[in-house]
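Below is one structure; the comments refer to it alone.
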Amino acid sequence: MEFGFTTAAYVVAAILFIFSLGGLSGQESAKRAVWYGIVGMAIAVLATLIGPGQVFWPLTIMLIILGAIIGYQLATRVQMTQMPELVAIMHSLVGLAAVFVGFNADIMINQMEALFASNDLVLGAEGAYASLPSEVKEPLSSFGTLIAKKLAVEVTILKVELVLGIWIGAVTFTGSVIAYGKLAGKVDTSAKQLPGGHALNAGAAGLSLLFTIMYLAGSGSWTLVLLTLLALFIGYHLIMGIGGADMPVVVSMLNSYSGWAAAAIGFSLGNDLLIVVGALVGSSGAILSYIMCKAMNRSFVSVILGGWGGAAAGEQQAVEGEQVAIDADGVAAALNDASSVIIVPGYGMAVAQAQQAVSELTNKMRAKGKEVRFAIHPVAGRLPGHMNVLLAEAKVPYDIVLEMDEINEDFPETDVVIVIGSNDIVNPAAQDDPNSPIAGMPVLEVWKAKQVFVSKRGQGTGYSGIENPLFFKENTRMFYGDAKDSVSKLLPLVE
Amino acid sequence: MTTTSGDDRLKIGTPKEVLDGENRVAMTPDSALQLQKLGYECGIEAGAGHAAGFSDKDYKDAGVSVHKTAAALWKASDIVAKVRVPTDADVKRLRDGQTLISFFNPAENEKGLETAAKKGATVVAMEMVPRISRAQKMDALSSMANIAGYRAVIEAGNNFGRFFTGQVTAAGKVPPAKVLVVGAGVAGLAAIGTSTSLGAITYAFDVRPEVAEQIESMGAEFVFLDFEEKQTDGALTGGYASPSSPEFQAKQLEKFREMAPDIDIVITTALIPGRPAPKLWTKDMVEMMKPGSVVIDLAAERGGNCDLTVMDEKIVSDNGVTIVGYTDFPSRMAAQSSTLYATNIRHMMTDLTPEKDGTPVHDMEDDVIRGSTVTHAGEVTYPPPPPKVNAIAQQAKKPEPPKELTPEEKREAETAAFKKQTINQVTLLGIGGFLLLAVGLVAPASFMQHFIVFVLSVFVGFQVIWNVSHSLHTPLMAVTNAISSIIILGAVIQIGSSSVIITILAALAVFMAAINIFGGFLVTRRMLAMFQKS
């Protein structure tokens, strides 16, 4: 097959990928869009396989099949509540793959240099490739040939690109692994850093730069190995320093990184499709991070630097009043009287696996002719859109699941709001208390409803450690207990 | 008369109502006592309270001076309180600095407004008292409507030949009367209350679904229309109904027609501010009713809710249905209505006299006073600006709607935003372009080719991703994850190398990327399949 064919296939694949992402603008078109992505990927892989210089067909195909089996197992077994973990661990795979491919490029460069040297030529010199004896040229793989043809300045650029690819890939790898650990509860979710904090990260980044320069100056592959180790450390340390509540930003940031890593590798391999897809994924992740940060009214930098920004400027307003508890009968009575209900789910619902019970409750109330809707804050849960997926899994129709901006104005006309396992996203201090750490963050104005019930495990302050005045408001009642148990208790009582 | 001499207290005077058949009076001996406590002196025209059951002696005993003629009273009074809209002659009597508190019908009384303003008099129109909680004590419309609603039922009973309540007696079984009240405003609710307490089976209808609860709390059954319509928020119209759509009206008439043969007594109270009364009880409905049935039309003054209503008259239709179109129900209960009205006036004076020193302070910043004042200081101040406080607090918690901009302001704002956007874009493009050119200066052409592809892809990515719906962010991450495994291509290219290490590393990369591709796409499909419409 000709090289032109491969390029054409890449163009087709790239367009399909763009369609695949664009199709996600609506629930229905999204179902079609996934197929575009799948077909695009198939075309890309096939075109590469039958492209020039491919000799290891059986091995490649076998590996792909093996990967497919594992991927299938992962995808079908995963609980929807575990989506964030799955996404995080998958990012780590892309990161690691990028590191391997980058190292391969370096090894290939070394081999080529040796090859040229053995023929008394220098890699990158003008006309050097042409003067290679053809018996040496013949057995070269396509990748080898690609490098062998390069000029000196191109080889340098190639090295810069592969350093970038390896570095970003390594950061993505350890970062994703830690993010996975935190999301799966295997690593302590609170923000932790080694002594030295960000100075350590900055130092590691500085050293990386130093090693990059040394590598480019020809100090050899050991610099690359050290650089990789440093990047792995940065990924680990950076994500360790970010608290659980910021995970939506972290996950989308890692998503972005995995894209940029792919793009960097694309540059070093001279493969346009890798560049295109890497850029698409990178910008997608960047936009998601931006949306998440905006939803928390925090700058990207402050999220990445970990913890809740600097200390608040002044004393936080003291919360007055007391939290009044209520039992299932009381909540059920209010629900029976209400004509409009809004449910605000948060990470607590995911943890308790309460979405099925919530969905049943919703069905029951809707059957009674009540208006039941869901209000989703952009950073509810641990992944962008996490709540939507959970509710969809529980068969809650997506047209009653609304975004913050769509529903925030409706709270004053709402009879009952049920807050299930969310805290900061319904905290009135964000609007009322300029000294609150979350001041200015857009929140769901649930307290404006006639009655608010908060389903919560206990009286604690949750992830962010910020006191929530909502719980002390006059129209708020605390419905303590595991979210799933609580909602299940309501089911027989709502008539 | 010596009452005014040597006394600089302001005088509140009430003339006898001149309109025929008007029995009410704006001041009672009781209210006069209260007014005096505010520091005012009180005067009344001889015989003004007679029809309402208050004799001149009662007034005198309460410390009220009695003036023989209307002219003398108008002359002696600084503040005139009366009930009915003043006649032209009355308005001409106003003088500079005098205050008139009365029903005034400012919407249709332009001439009166102008004359009063020209004379320099202040006119407080009782029907303009805004419907806010604080002003309820002076809301004369409500107190009159309350009486009208009560009286409507009594009037109906008077013309209805049977019991209201059902009875089983030795002389046989008596079915209960069935009463339909249309419009559940103050009058309607009062009618419902009276009717149910007399024992009739009462149905009530209103275009505002939110009053269903009130209707049911009064013991009537809400006539439910199976119709979805967005009624204007009651709070925005001051708690009054607004006109409904033709479809809604048709549905409503259909329902009434269905009910008409069973109903013994119909009391209609439907009014829309500033419009003729809607026709809700048509001729054919009257024809369907049983002989002896009664229709009381409280909207007669504005043309009536019933087709056959004759204002101020009681007629009997061909099939023996009595239709009452009286407009003077409150006047028919003059003692009660005078007491309530006089109290409303007294509360108004209390608000006008914050210091209780007999000096009215006309605070035009006050919602209630501003709203009800229709002429002041030589100017016509009608119509008032909308009150700062919404009428009905319960539903009135909506955040302030964004200020309506005039078209010019809007255009200006748009132009400014557009300009800013342009500047932003041009700056970004400039910097971007410059950087790109700078890279191009040093990088070889082969790199630039790829670089351009890269930059364009980033752009496409940004454009495409902004349109992704929020709820699909998780599937987006899963799918981008899957396609970022495109890195498999790099590994596939390298796997055929002669070097063992390269092959092993590449093989691992292929393997991991493959997991990712399949896992990512499958999980995305799984998620998307779950999104269902209701």
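Pairs needed: first member in region A:100-111, in contact (Cβ under 8 Å) with a residue 40 or more places away in the chain and more than 9 Å from chain B (Cβ to nearest Cβ); second member anywhere, surrounded by fewer than 21 Cβ atoms within 10 Å (Cβ to Cβ) and among the hydrophobic types (A, V, I, L, M, F, W, C); C-beta distance under 7 Å; at least 6 residues apart or different chains.
If the second residue must be surrounded by fewer than 21 Cβ atoms within 10 Å (Cβ to Cβ) and among the hydrophobic types (A, V, I, L, M, F, W, C), the pairs left are A:ILE109/A:VAL155.
Which of the numbered conditions does B:GLN449 fail, given that it passes all the others? Conditions: (1) facing another protein chain (nearest Cβ under 7 Å); (2) within 25 Å of A:GLY165 (Cβ to Cβ); (3) polar (S, T, N, Q).
The one condition B:GLN449 does not meet is (1).
Give region A:61-88 a look and list any residue that's more than 7 Å from chain B (Cβ to nearest Cβ) and either crowded, with 21+ Cβ neighbours inside 10 Å or under 21 Å from B:THR503 (Cα atoms) (or both), or say none.
Of everything in region A:61-88, those that are more than 7 Å from chain B (Cβ to nearest Cβ) and either crowded, with 21+ Cβ neighbours inside 10 Å or under 21 Å from B:THR503 (Cα atoms) (or both) turn out to be A:ILE61, A:MET62, A:ILE65, A:MET80, A:THR81, A:PRO84, A:GLU85, A:ALA88.
Which of the helices (runs of 4 or more DSSP H) found entirely inside region B:37-132 contain at least 3 residues meeting this: within 28 Å of the chain's Cα centre (by Cα) and more than 17 Å from B:LYS11 (Cα to Cα)? Steps first, please.
Working: elements: B:56-61, B:70-76, B:88-93, B:110-119.
Passing ranges, in order: B:110-119.
This table checks each residue for (1) in contact with a Phe, Trp or Tyr (Cβ under 8 Å, 6 or more places away or on another chain); (2) aromatic (Phe, Trp, Tyr); (3) at positive phi.
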{"residue": "B:THR480", "(1), (2), (3)": "no, no, no"}
{"residue": "B:ILE483", "(1), (2), (3)": "yes, no, no"}
{"residue": "B:ILE487", "(1), (2), (3)": "no, no, no"}
{"residue": "B:ALA491", "(1), (2), (3)": "yes, no, no"}
{"residue": "B:ILE495", "(1), (2), (3)": "yes, no, no"}
{"residue": "B:PHE511", "(1), (2), (3)": "no, yes, no"}
{"residue": "B:ASN516", "(1), (2), (3)": "no, no, no"}
{"residue": "B:GLY520", "(1), (2), (3)": "no, no, no"}
{"residue": "B:MET530", "(1), (2), (3)": "no, no, no"}
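Just name the residue that is modelled with the highest pLDDT out of those in region B:203-227 that are surrounded by 19 or more Cβ atoms within 10 Å (Cβ to Cβ), in contact with a helix residue (DSSP H, G or I) (Cβ under 6 Å, 6 or more places away or on another chain) and within 13 Å of B:VAL181 (Cα to Cα).
B:ALA204
With (1) of a type outside the set (Ser, Thr, Tyr); (2) crowded, with 18+ Cβ neighbours inside 10 Å; (3) within 8 Å of another protein chain (Cβ to nearest Cβ); (4) in contact with a strand residue (DSSP E or B) (Cβ under 9 Å, 6 or more places away or on another chain) as the list, and A:VAL389 as the residue in question, which single condition is left unmet?
The number of the failed condition is (4).
Residues being assigned to a helix (DSSP H, G or I) and within 7 Å of chain B (Cβ to nearest Cβ): count how many of those fall in region A:254-277.
To start, the set of residues in region A:254-277 that are assigned to a helix (DSSP H, G or I) comprises A:254-269, A:272-277.
Checking which are within 7 Å of chain B (Cβ to nearest Cβ) leaves us with A:255, A:258-259, A:262-263, A:265, A:267, A:269, A:272-277.
Within region A:254-277, residues that are assigned to a helix (DSSP H, G or I) and within 7 Å of chain B (Cβ to nearest Cβ) number 14.
Whether any residue in region A:294-306 is assigned to a helix (DSSP H, G or I) and crowded, with 24+ Cβ neighbours inside 10 Å is what I want to check.
Keep residues of region A:294-306 that are assigned to a helix (DSSP H, G or I), which gives A:294-295, A:300-304.
Now drop any that are not crowded, with 24+ Cβ neighbours inside 10 Å, which leaves none.
Looking for residues that are assigned to a helix (DSSP H, G or I) and crowded, with 24+ Cβ neighbours inside 10 Å, one finds none in region A:294-306, hence no.
Conditions first: (1) within 22 Å of the chain's Cα centre (by Cα); (2) more than 11 Å from chain B (Cβ to nearest Cβ). A:VAL379 passes all but one, so which condition is the exception?
Against the list (1) within 22 Å of the chain's Cα centre (by Cα); (2) more than 11 Å from chain B (Cβ to nearest Cβ), A:VAL379 comes up short only on (2).
Going through A:VAL396, A:VAL416, A:VAL426 one at a time, which residue ends up being without any contact (Cβ under 8 Å) to a residue 60 or more places away in the chain, of a type in the set (A, V, I, L, M) and within 30 Å of A:GLN27 (Cα to Cα)?
Details: A:VAL416 fails: without any contact (Cβ under 8 Å) to a residue 60 or more places away in the chain; A:VAL426 fails: without any contact (Cβ under 8 Å) to a residue 60 or more places away in the chain.
Going through A:VAL396, A:VAL416, A:VAL426 in turn, just one is without any contact (Cβ under 8 Å) to a residue 60 or more places away in the chain, of a type in the set (A, V, I, L, M) and within 30 Å of A:GLN27 (Cα to Cα): A:VAL396.
Report yes if B:VAL479 is assigned to a helix (DSSP H, G or I), within 7 Å of chain A (Cβ to nearest Cβ) and free of Cβ contacts under 8 Å to residues at least 60 places away in the same chain, otherwise no.
Working: assigned to a helix (DSSP H, G or I): yes; within 7 Å of chain A (Cβ to nearest Cβ): yes; free of Cβ contacts under 8 Å to residues at least 60 places away in the same chain: yes.
For B:VAL479, the condition - assigned to a helix (DSSP H, G or I), within 7 Å of chain A (Cβ to nearest Cβ) and free of Cβ contacts under 8 Å to residues at least 60 places away in the same chain - is met.
Inside region B:262-285, can you point out the residues that are surrounded by fewer than 22 Cβ atoms within 10 Å (Cβ to Cβ) and either among the basic types (Lys, Arg) or closer than 18 Å to B:PHE222 by Cα (or both)?
Scanning region B:262-285 gives B:ASP262, B:ARG275, B:LYS279, B:LYS283.
Can you report the number of residues in region A:49-60 which are surrounded by fewer than 22 Cβ atoms within 10 Å (Cβ to Cβ) and either facing chain B (nearest Cβ under 7 Å) or at pLDDT 90 or above (or both)? Walk me through how you get there before you give the answer.
Step one: filter region A:49-60 for residues surrounded by fewer than 22 Cβ atoms within 10 Å (Cβ to Cβ), giving A:49-59.
Keeping just the survivors that are either facing chain B (nearest Cβ under 7 Å) or at pLDDT 90 or above (or both) gives A:49, A:53-56, A:59.
Here the count works out to 6.
Got at least one residue in region B:525-533 being at pLDDT below 85, surrounded by fewer than 24 Cβ atoms within 10 Å (Cβ to Cβ), farther than 21 Å from A:GLN82 by Cα and within 7 Å of another protein chain (Cβ to nearest Cβ)?
So far as region B:525-533 goes, yes, one or more of its residues are at pLDDT below 85, surrounded by fewer than 24 Cβ atoms within 10 Å (Cβ to Cβ), farther than 21 Å from A:GLN82 by Cα and within 7 Å of another protein chain (Cβ to nearest Cβ).
Here are A:LEU46, A:LEU96: which of them is at pLDDT 85 or above, hydrophobic (A, V, I, L, M, F, W, C) and surrounded by fewer than 19 Cβ atoms within 10 Å (Cβ to Cβ)? Talk me through it step by step, then tell me what you get.
Numbers: A:LEU96 fails: surrounded by fewer than 19 Cβ atoms within 10 Å (Cβ to Cβ).
The match here is A:LEU46.
Among the residues of region B:148-158, are any part of a loop (DSSP other than H, G, I, E, B), of a type outside the set (A, V, I, L, M, F, W, C) and touching a Gly at 6+ places or on another chain (Cβ under 7 Å)? Break it down stepwise before answering.
Of all residues in region B:148-158, those part of a loop (DSSP other than H, G, I, E, B) come to none.
Within region B:148-158, not a single residue is part of a loop (DSSP other than H, G, I, E, B), of a type outside the set (A, V, I, L, M, F, W, C) and touching a Gly at 6+ places or on another chain (Cβ under 7 Å).
Which condition number does B:PHE163 fail, the rest of (1) at pLDDT below 90; (2) under 25 Å from the mean Cα position of the chain (by Cα); (3) hydrophobic (A, V, I, L, M, F, W, C) being met?
The single condition B:PHE163 does not satisfy is (2).
Return yes when A:LEU305 is hydrophobic (A, V, I, L, M, F, W, C) and modelled with pLDDT of 85 or more and no when it is not.
It is false that A:LEU305 is hydrophobic (A, V, I, L, M, F, W, C) and modelled with pLDDT of 85 or more.
Quick check: is even one residue across region A:242-253 in contact with a helix residue (DSSP H, G or I) (Cβ under 8 Å, 6 or more places away or on another chain) and assigned to a loop (DSSP other than H, G, I, E, B)? Give the derivation first.
We begin by selecting, within region A:242-253, every residue in contact with a helix residue (DSSP H, G or I) (Cβ under 8 Å, 6 or more places away or on another chain); these are A:242, A:244-253.
In the following step, the residues that additionally are assigned to a loop (DSSP other than H, G, I, E, B) were identified as A:242.
For region A:242-253, residues in contact with a helix residue (DSSP H, G or I) (Cβ under 8 Å, 6 or more places away or on another chain) and assigned to a loop (DSSP other than H, G, I, E, B): present.
Suppose we keep only residues that are surrounded by 22 or more Cβ atoms within 10 Å (Cβ to Cβ) and out of contact with any Pro (no Cβ under 9 Å at 6 or more places or on another chain) within region A:351-360. Which one would you say is nearest to A:VAL331 (Cα to Cα)? Quick ask: steps written out before the conclusion?
Kept after step one, since they are surrounded by 22 or more Cβ atoms within 10 Å (Cβ to Cβ), are these residues of region A:351-360: A:352, A:354-355, A:357-358.
From the residues that got through so far, the ones that are out of contact with any Pro (no Cβ under 9 Å at 6 or more places or on another chain) too are A:352, A:357.
Working: A:ALA352: 19, A:ALA357: 15 Å.
Per the criteria, the residue is A:ALA357.
Results for (1) touching a Ser or Thr at 6+ places or on another chain (Cβ under 7 Å); (2) under 21 Å from B:GLY325 (Cβ atoms); (3) not acidic (Asp, Glu), shown as yes or no for each residue.
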position: B:THR122; (1), (2), (3): yes, no, yes
position: B:LEU141; (1), (2), (3): no, yes, yes
position: B:MET144; (1), (2), (3): yes, yes, yes
position: B:ALA148; (1), (2), (3): no, yes, yes
position: B:GLY161; (1), (2), (3): no, yes, yes
position: B:ALA171; (1), (2), (3): no, no, yes
position: B:VAL179; (1), (2), (3): yes, yes, yes
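Considering only region A:80-89, I want to know if a residue exists there that is more than 21 Å from A:GLY285 (Cβ to Cβ) and among the charged types (D, E, K, R).
Looking through region A:80-89, none of the residues is more than 21 Å from A:GLY285 (Cβ to Cβ) and among the charged types (D, E, K, R).
Are any residues in region B:372-397 crowded, with 19+ Cβ neighbours inside 10 Å, modelled with pLDDT under 85 and within 15 Å of B:ALA135 (Cα to Cα), and if so, which ones?
B:ASN390, B:ALA391
Pairs only if they're at least six apart or on different chains, beta carbon under 8 angstrom, first in region B:121-137 and free of Cβ contacts under 8 Å to residues at least 24 places away in the same chain, second surrounded by fewer than 22 Cβ atoms within 10 Å (Cβ to Cβ) and of a type in the set (A, V, I, L, M); list them, first residue then second.
none
The values are calculated or read from the model by the stated rules, or taken from the named source; none is laboratory data. What you see is a predicted model; the values in this text were computed from it and never measured. Cβ atoms come from the backbone with ideal geometry, glycine included; neighbour counts cover every protein chain shown.
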